[in-house]
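Novice: This is the structure I want to talk about, given as structure tokens.
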Amino acid sequence: MKRILRRSTMILAVTLVFIGGLGFLATELVMDAEDWVDHPFNAHISDNGGLSQAGAVFDRNGEALAQTIDGKRVYNESESVRKGLLHVVGDNSVNISTAVQSMYRSQLTGYSLIWGLNMPKSLRSSNDITLTVDAKTCAAAYDALSAYDKKGACVVYNYKTGEVICSVSTLAYDPQAPPKITEENESEYDGVYLDNVLSSAYTPGSIFKIITTAAAVESIPDIYERTWECTGSKEIGGSDVTCVEAHGTVNLEQAMAHSCNIAYAELAVEIGEEKMTEIAEKAGINDSVDVDGVKTAKGLYDVSKANTNQLAWSGVGQYNDKVNPMQMAVLCGAIANGGKSKSPTLLKDTSFLKSLGIDINMSSDGDELFAPETADKLDKIMRYTITDYYGDNLFGGLSVCAKTGTAEVGDDKEPTAWMVGYAKDEDCPLAFACVVEETGFGFTYAGPVAETAMIQAAKSLGASAVQ
Amino acid sequence: MSVIFDIGVVALRILLPVYAIVIVYQCYAAMRRRRRPEKPLVTLFDINTGRKLPVLFWENTLGRSKSSDIVVDDPAVSRSHCVLLRRKEGWYVNDVGSKSGTFVNGKRTRGRTQLLIDDTVRIGDTEFQFRRGEEYTDKIRTNRFFSKVSQKPAMKSWKLMLLITLFHLFMCIEAVFWNDGSNPNSPMVLFFALAAVEWGFFAISYFGLKRVNFELESLAMFLTGIGVILLIRQVERSAYVQLIAAVVGMVIFCIIIKFIEDPDKSARFRIPAMIFAVGLLLMSIVFGKVTYGAANWIYIGSISIQPSELVKVIYIFIGASALDKLQTNKNLLEFMIFSAVCVGLLALMGDFGTALIFFVTFLLIAFMRSGDFKTIIFAVAAAIFGVTFILNFKSYIADRFKAWRHVWQYAQTDAYQQAHVLIYIASGGLFGVGIGNGFLKQIGASESDLVFGLVAEEMGVIIAFTLAVAVGALVIYARAITTRSRSTFYSISACCAAGLLVVQLALNIFGATDILPLTGVTFPFISSGGSSVISCWGLIAFIKAADERTYAVKR
């Protein structure tokens, strides 16, 4: 009998392993339950009633973007604000998965580890969320962008603090009256649930010349003495590379300002696949940007299978190049910051310490996207692009450094218009990226949207140049 | 007004977990109490030295080996010399292959030989006189489970049952409040049916069978009732099917206890039982209908049964045996072949979960029977089975392994069930969203394979964990009564039955919560499934039988 008892210790051991497993499960539950709850297919929060007790969503100035009044979800009274911030705030459904009302629905509805989502509605305390965006800026940017009736995106963010001031994506609909999308009209609403700021990647066109310039100043010692001959077209690697017009003889700064494809195509070939890839990688083109846990679409620079002509085109942002709007804003912000990026965020820090004016910056310094001296050179050349070519009165007195792009997308479609850049003003540290699909010249189409957004954003920050 | 109502609802939800813990505690507390004091059954008086050796157990090994129950320090005695055992008719001694033999009153024994008080037993050069237990007066070290038991008498069985019935009543009241309007009062109807079964069984046990204790049955009833009530807001009919199955389970529980009353007689049925088990499994291969990828169901008219569940009970029965048989017949070949056939047939059926349960139970039984070194050989043999059937299920396993620990990535495909279980466990919080108020019930198999998630969502994590621990603690109980069982047949079967339930429980909980890459087994007593409930009741019959009071003490 004693032997049997001793051997039964084995079964006890199995049971202890089981108890250990329960402990592991409990630990996982305590650590991760909040993430588990936040899924669009959680029926407790995903139906339309899910927000009937939810907290409000405010913009940076405390303006209510979405709130629950008498059990009904009510969005901002301005239609432009509603549509402009659709992809940031979200609607009653969880169709826009990256929106705050989808991502943080459990927080809005008052989830807690102890009570789960089980509190009766009359006793549940819900939480408000304050965003970093400025409703006015977003409305203005949306009005400018939606005038084209094309898909596009516009993002403005503070490259010192990471706060996103403006994030607008078209097409959009009114969250107060979401459309019924059926088989008949689904082509009309194609991609409407996608936040183009975060989740789309576009052909960059000439804005990619920022990367090629960075590679050039790092790898060609006499780059500033060089000149290029542009006759509007040149054969490189067996096929032609073309410019919009014949730029004549240009140096590096002029080539950037006038966006001379031939100069940059030749540069890309001279710099070579390896260095181009190295600089693009370092600048984070092939990575995604993290925005409060949401990963943006990744850009693409991959010339491993490119021939010489394709390598040439890759230097002017064509071939298979892709970039994401948020990524470009962060990249421009890094140039302004001397090469270091700052992670963007949509959530305003409303902690107690912050309210006392104590700022504990927990987020580590961002990645170095450019070497400091490279960033400095890019800054000068992008500033030259504005002052020399476009004129400095464009952004209402802000000292802006920027680059436009007009990306050919083939299929007989009109090009994608781009403008990316940043303001150097001490009291207005804003970077921006603006993209409009199927329109035309970057300066003509993306320019006005960027200008509207930047000026309004600068006003909301109280920048002296625009007062 | 509605706020006051809501506060009431919240108070009830907080109350239930506390109440569940109290019930489970009381069940186990009652199991410890009302035991006979540990004292020797008989005494062996060494005629040469005058030393008295206490005989504590119903079955005892005598030998030179330190691990013998009665150690005889005599070079002429074999390491494992003979077994001294008590049966209804009296005491027996049985030589288990010693070199020098065992002599009773000077006569060499053949097989089991009866011993009467004052008889002499000679093994090697040592001669004992067989005396009464009262002769031994020294103090005896007692098992920790039973020591330090407060002198307070155990909670009366009927009071414990009343607590459990009240718990089920609260659950039903909760279920009444959350309904889709189609059957608002059906939980109360179910409650009365359930209460009738509970008290009916209690009455039969108390007045009919004259049993002194009812704690184990109470615990099983508590769990069974929860499983039944959870079904009322899913498929009302299933709740009644489950309840009827539980009644069948209780009947089988009683039959098994009666059947194994004499471990020696019932041992004769080992071979027929083996043939019956293999026949059952073969039947489900031939007539089986494939459900959820496993051909483990057979349909007789409108009744469907899962033979593999019933074979679990037979498997435990076949695995156990009395101590003298264990010592003489050390050959496990027969049992190994039987195990291999069972696991192989289950593998053929595609019932991977049950095959794994059998495999682990095989290891446990083999170790309990043989001790140390042989188990290694068994493990190797078993591993060969394992590999064979893993190959058999390659594609199915590969899919599940791919999604294992990556549920969110495969939340809409291969890990659909696990992802939803985690979401709803978290949504339920510590106290649950209320019976019938959850959403996991809309997911397939939520009432069986995923029932842990269903309990956690609707009744809260505390209750879910309490129920898991309640089943797990059966092992502690089975071990505690090991040396007090009337035969190793009972102690082995009780420990292994409890072990089997724990293994099954672990696969159920950890499979559903993505800790293990496997689903498809049931939560003992609670998961919906008639065969499963019947087999659980059948398995605890072995634990009940191992409690010496079951047969020895009557009211």
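Novice: For A:Ile96, indicate whether it is touching a residue at least 40 places away in the same chain (Cβ under 8 Å) and either surrounded by 22 or more Cβ atoms within 10 Å (Cβ to Cβ) or under 23 Å from the mean Cα position of the chain (by Cα) (or both).
Specialist: Yes.
Novice: Give me a count of the residues in segment A:57-93 that are touching a helix residue (DSSP H, G or I) at 6+ places or on another chain (Cβ under 7 Å), basic (Lys, Arg) and surrounded by fewer than 24 Cβ atoms within 10 Å (Cβ to Cβ).
Specialist: So the count comes out to 1.
Novice: When the residues of segment B:421-438 are narrowed to those that are part of a loop (DSSP other than H, G, I, E, B), within 30 Å of the chain's Cα centre (by Cα) and of a type in the set (A, V, I, L, M), which ends up farthest from the other protein chains (Cβ to nearest Cβ)?
Specialist: Top of the filtered list is B:Ile435.
Novice: Go over the candidates B:Ala506, B:Ala512 one by one and state the one that is in contact (Cβ under 8 Å) with a residue 24 or more places away in the chain and either crowded, with 24+ Cβ neighbours inside 10 Å or in contact with a helix residue (DSSP H, G or I) (Cβ under 9 Å, 6 or more places away or on another chain) (or both).
Specialist: Unique residue meeting the criteria: B:Ala512.
Novice: Out of A:Arg3, A:Arg82, I need the residue that is within 23 Å of A:Ser146 (Cα to Cα), in a helix (DSSP H, G or I) and of a type in the set (Lys, Arg). Which one?
Specialist: One residue alone meets the criteria, A:Arg82.
Novice: Mind counting the residues in segment B:459-499 that are in contact (Cβ under 8 Å) with a residue 60 or more places away in the chain, farther than 27 Å from B:Ile318 by Cα and within 9 Å of another protein chain (Cβ to nearest Cβ)?
Specialist: 2
Novice: Being assigned to a helix (DSSP H, G or I), more than 10 Å from every other protein chain (Cβ to nearest Cβ) and not basic (Lys, Arg) is the filter here, so list the residues in segment B:439-458 that pass it.
Specialist: Once the filter is applied, which keeps residues that are assigned to a helix (DSSP H, G or I), more than 10 Å from every other protein chain (Cβ to nearest Cβ) and not basic (Lys, Arg), segment B:439-458 yields B:Val451, B:Gly453, B:Leu454, B:Val455.
Novice: Then there's this: Is it the case that A:Ser112 is without any contact (Cβ under 8 Å) to a residue 60 or more places away in the chain and small (Gly, Ala, Ser)?
Specialist: For A:Ser112, the condition - without any contact (Cβ under 8 Å) to a residue 60 or more places away in the chain and small (Gly, Ala, Ser) - is met.
Novice: Something else: I need the full set of residues from segment B:356-365 which are farther than 12 Å from B:Tyr315 by Cα and in contact with a Leu (Cβ under 7 Å, 6 or more places away or on another chain), in order please.
Specialist: Across segment B:356-365, the qualifying residue is only B:Leu356.
Novice: Looking at (1) more than 14 Å from chain B (Cβ to nearest Cβ); (2) over 22 Å from the mean Cα position of the chain (by Cα), can you tell me which one A:Trp115 breaks?
Specialist: If we test A:Trp115 against (1) more than 14 Å from chain B (Cβ to nearest Cβ); (2) over 22 Å from the mean Cα position of the chain (by Cα), just (1) comes out false.
Novice: Within segment B:189-219, track down each residue that is touching a Leu at 6+ places or on another chain (Cβ under 9 Å) and within 17 Å of B:Leu231 (Cβ to Cβ).
Specialist: Matches in segment B:189-219: B:Leu190, B:Phe191, B:Ala193, B:Leu194, B:Ala195, B:Val197.
Novice: Which of the residues belonging to segment B:72-128 are outside any loop (DSSP other than H, G, I, E, B), among the basic types (Lys, Arg) and surrounded by 14 or more Cβ atoms within 10 Å (Cβ to Cβ)?
Specialist: Matches in segment B:72-128: B:Arg86, B:Arg87, B:Arg122.
Novice: What about B:Leu62, is it in a strand (DSSP E or B), free of Cβ contacts under 8 Å to residues at least 60 places away in the same chain and either of a type in the set (Asp, Glu) or within 14 Å of chain A (Cβ to nearest Cβ) (or both)?
Specialist: No; evaluated as a whole, the condition is false for this residue.
Novice: A further question on this structure: Would you pick out the residues in segment A:310-348 that are among the β-branched types (Val, Ile, Thr) and buried (at least 22 other Cβ atoms within 10 Å of the Cβ)?
Specialist: Those that are among the β-branched types (Val, Ile, Thr) and buried (at least 22 other Cβ atoms within 10 Å of the Cβ): A:Val316, A:Val323, A:Val330, A:Ile335.
Novice: Restricting attention to segment B:400-420, which residues are within 11 Å of chain A (Cβ to nearest Cβ) and surrounded by fewer than 21 Cβ atoms within 10 Å (Cβ to Cβ)?
Specialist: B:Arg405, B:Trp408, B:Ala411, B:Gln412, B:Tyr416 - these are the residues of segment B:400-420 that are within 11 Å of chain A (Cβ to nearest Cβ) and surrounded by fewer than 21 Cβ atoms within 10 Å (Cβ to Cβ).
Novice: Could you list, in sequence order, the residues of segment B:15-54 that are touching a Leu at 6+ places or on another chain (Cβ under 9 Å) and part of a helix (DSSP H, G or I)?
Specialist: Passing the criteria: B:Pro17, B:Tyr19, B:Ala20, B:Val22, B:Ile23, B:Val24, B:Gln26, B:Cys27, B:Tyr28, B:Ala30, B:Met31.
Novice: Another question about this same structure. Can you pull out every residue in segment A:15-56 that is of a type in the set (A, V, I, L, M), within 19 Å of B:Ala470 (Cα to Cα) and surrounded by 19 or more Cβ atoms within 10 Å (Cβ to Cβ)?
Specialist: A:Leu22, A:Leu25
Novice: Find the helices (runs of 4 or more DSSP H) located wholly in segment B:207-278 whose residues include 2 or more that are touching a residue at least 40 places away in the same chain (Cβ under 8 Å) and within 22 Å of B:Trp158 (Cα to Cα), and list them.
Specialist: Helices (runs of 4 or more DSSP H) meeting the threshold: B:215-232, B:236-259.
Novice: Could you list, in sequence order, all residues of segment B:300-339 that are of a type in the set (S, T, N, Q) and part of a loop (DSSP other than H, G, I, E, B)?
Specialist: Scanning segment B:300-339 gives B:Ser302, B:Gln306, B:Ser321, B:Asn329, B:Asn331.
Novice: Cβ-Cβ below 6 Å, separation at least six or inter-chain, first residue in segment A:17-42 and within 7 Å of another protein chain (Cβ to nearest Cβ), second assigned to a helix (DSSP H, G or I) and of a type outside the set (Gly, Ala, Ser): which pairs?
Specialist: As it stands, the answer is A:Phe18/B:Val502; A:Gly21/B:Phe510; A:Trp36/B:Leu422; A:Trp36/B:Ile423; A:His39/B:Ile423; A:Asn42/B:Ile423, since those pairs meet every condition given.
Novice: List the number of the failed condition for A:Ile4; all other conditions in (1) within 14 Å of chain B (Cβ to nearest Cβ); (2) in contact with a Lys or Arg (Cβ under 7 Å, 6 or more places away or on another chain) hold.
Specialist: Only one criterion is unmet by A:Ile4, namely (2).
Novice: Here's another thing I want to ask about it. Can you pull out every residue in segment B:324-368 that is within 21 Å of B:Ala478 (Cα to Cα) and in contact with a Phe, Trp or Tyr (Cβ under 8 Å, 6 or more places away or on another chain)?
Specialist: Answer for segment B:324-368, where residues must be within 21 Å of B:Ala478 (Cα to Cα) and in contact with a Phe, Trp or Tyr (Cβ under 8 Å, 6 or more places away or on another chain): B:Phe358, B:Phe359, B:Thr361, B:Phe362, B:Leu363, B:Ile365, B:Ala366, B:Phe367.
Novice: Does A:Tyr159 satisfy the criteria of being farther than 22 Å from A:Thr406 by Cβ and in the same structural domain as A:Ala297 (by TED's automatic domain parsing)?
Specialist: yes
Novice: Which is within 10 Å of the chain's Cα centre (by Cα) and assigned to a helix (DSSP H, G or I), of B:Ser493, B:Ser531?
Specialist: Unique residue meeting the criteria: B:Ser493.
Novice: A:Ile165: part of a strand (DSSP E or B), on the phi < 0 side of the Ramachandran plot and surrounded by 17 or more Cβ atoms within 10 Å (Cβ to Cβ), yes or no?
Specialist: Spelling it out, A:Ile165 is indeed part of a strand (DSSP E or B), on the phi < 0 side of the Ramachandran plot and surrounded by 17 or more Cβ atoms within 10 Å (Cβ to Cβ).
The values are calculated or read from the model by the stated rules, or taken from the named source; none is laboratory data. These figures come from a predicted structure and were not determined experimentally. Note that each Cβ is placed from the backbone with ideal geometry, even for glycine, and that neighbours are counted across all protein chains shown.
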